[in-house]
Amino acid sequence: MSIVLIIIGIACALYGMTVMLVGSGSKFFLFWYVLAAAFVAIGWALASGAWSNFPVVARRIIQVGGGLFCAFLIVTQIMVAKEFNDRGEPDLDYLIVLGAQVRPSGLSVALKSRLDAAYDYLIENENTTCIVSGGQGPNEPMTEADAMAGYLIERGLDPDRIIRENQSTNTSENIRNSMSFIDPANDHVAIVTNDYHLFRGMAIARKQGIAHVSGIAAGATPWYLPNNMARESFGLAKDFVLGNL
């Protein structure tokens, strides 16, 4: 068992390194380093016999804490996975496309995926208006909304079908600011974002008062899905504490 835990720890560290090297602007890769350190430390403690020398109270705290953390991850991951295949309702009044990182070289893979999903829907539903939502971060060359609108227009979408919300800095603000363009009590709206992010986006939209909300799930890079899924668990916890859910 100790060897298995140490191997898992090393794998976590190597995975975290691949996430770090992407340079997404997020520091969440540190989660994998912390997880790696925990697995290696427990594995070493078991292998060396140090575990049996720990005070009983300390061992119980580690065991209970680890169990609760695993339960938290399992429950939140099930919640996140529920919306992976959402495709939205036909003939919606609005799409709200949530922003993501814009690099100096162009759209991030995550953002392009969201826009492609929105574009496909908008081509099939000609009466739907698209709200692109996202401000400009310190490491971005322009607002996310402007980059998103530019991409959709380049693909041939009528600019009159696009509304730009270019002030928001997080998911909650994306939706709150976008609500100024819609009738939240009566309009039928879909949140468009990557599959791992959709549950939280829809939950925030409902909390903020959008009565008729569905989701359109965009794909994600499979290799980074574990990182994005884990980050969503912590995102859900943070938004719950902040009262956004």
Between I10 and E124, what is 0.36 nm times their sequence separation minus the Cα-Cα distance? Round to one decimal in nm. 36.3 nm
Using Cβ contacts closer than 10 Å as the measure, can you line up H212, H197 from fewest to most? H212, H197
Extension gain (nm, one decimal) between D116 and K27, 0.36 nm per residue minus Cα-Cα: 29.4 nm
Relative exposure of W32, W223, judged by other C-beta atoms within 10 Å (fewest first): W223, W32
Listed residues G66, G134, G16, most fluctuating in the chain (Gaussian network, C-alpha, under 10 Å): G66
For segment 112-119, in residue order, the Karplus 3J(HN,Hα) values (coefficients 6.51, -1.76, 1.60; θ = phi - 60°; whole Hz; Gly and Pro = x) are 4, 4, 4, 5, 5, 5, 5, 4
In segment 79-133, GluC sites (Glu not before Pro) in a DSSP loop with at most 15 other beta-carbon atoms within 10 Å: E126
Hey, what number do you get for the chain at 222 nm if only DSSP H runs of n ≥ 4 count, each worth -39500 (n - 2.57), divided across all residues, to the nearest 500? -18000 deg cm²/dmol
Which aspartates and glutamates have a Cα lying under 19 Å from the Cα of K82, excluding residues fewer than 8 positions away in the same chain? D195, E232, D239
Using alpha-carbon positions, what is the distance between the centroids of segment 195-245 and segment 130-166, in Å? 21 Å
Burial ordering of T193, T171, fewest other beta-carbon atoms within 10 Å first: T171, T193
Out of every Cα pair in the chain, what percent are spaced more than 24 Å from each other? 51 percent
Taking trypsin sites (Lys or Arg not before Pro) as exposed when in a DSSP loop with at most 16 other Cβ atoms inside 10 Å, the chain has its longest clean stretch at 156-245
Which percentage, to the nearest 5, of the DSSP beta bridges contained in segment 94-221 is antiparallel? 10 percent
V57 paired with M142, simple spin-label distance in nm, labels 7 Å along Cα-to-beta-carbon: 6.0 nm
Give me the number: length gained by fully extending V109 to R206, i.e. 0.36 nm times residue separation minus the C-alpha to C-alpha distance, one decimal in nm. 32.2 nm
Taking Cα atoms only, helix 144-154 is inclined relative to the longest principal axis of the chain by an angle, in degrees rounded to 10, of 60 degrees
When the chain is treated as a Gaussian network with springs between alpha carbons less than 10 Å apart, the largest mean-square fluctuation among C130, C70, C12 is found at C70
Above 22 Å lies some portion of the pair distances; for segment 94-221, what is it as a whole percent of all C-alpha pairs? 26 percent
How high is the relative contact order of segment 2-81, in percent, with contacts defined as C-alpha pairs under 8 Å that are six or more residues apart? 32 percent
List residues of segment 181-219, by number, whose backbone nitrogen lies under 20 Å from a label position 7 Å along Cα→C-beta of D158. 181-183, 188-190
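Any read-out appearing in this document is the output of simple, stated calculations on the displayed coordinates, not a laboratory observation. Just so it is clear, the structure is predicted and the values come from calculations on it, not from any experiment. In this analysis, Cβ positions are derived from the backbone assuming ideal geometry, glycine residues included, and neighbour counts consider all displayed protein chains.
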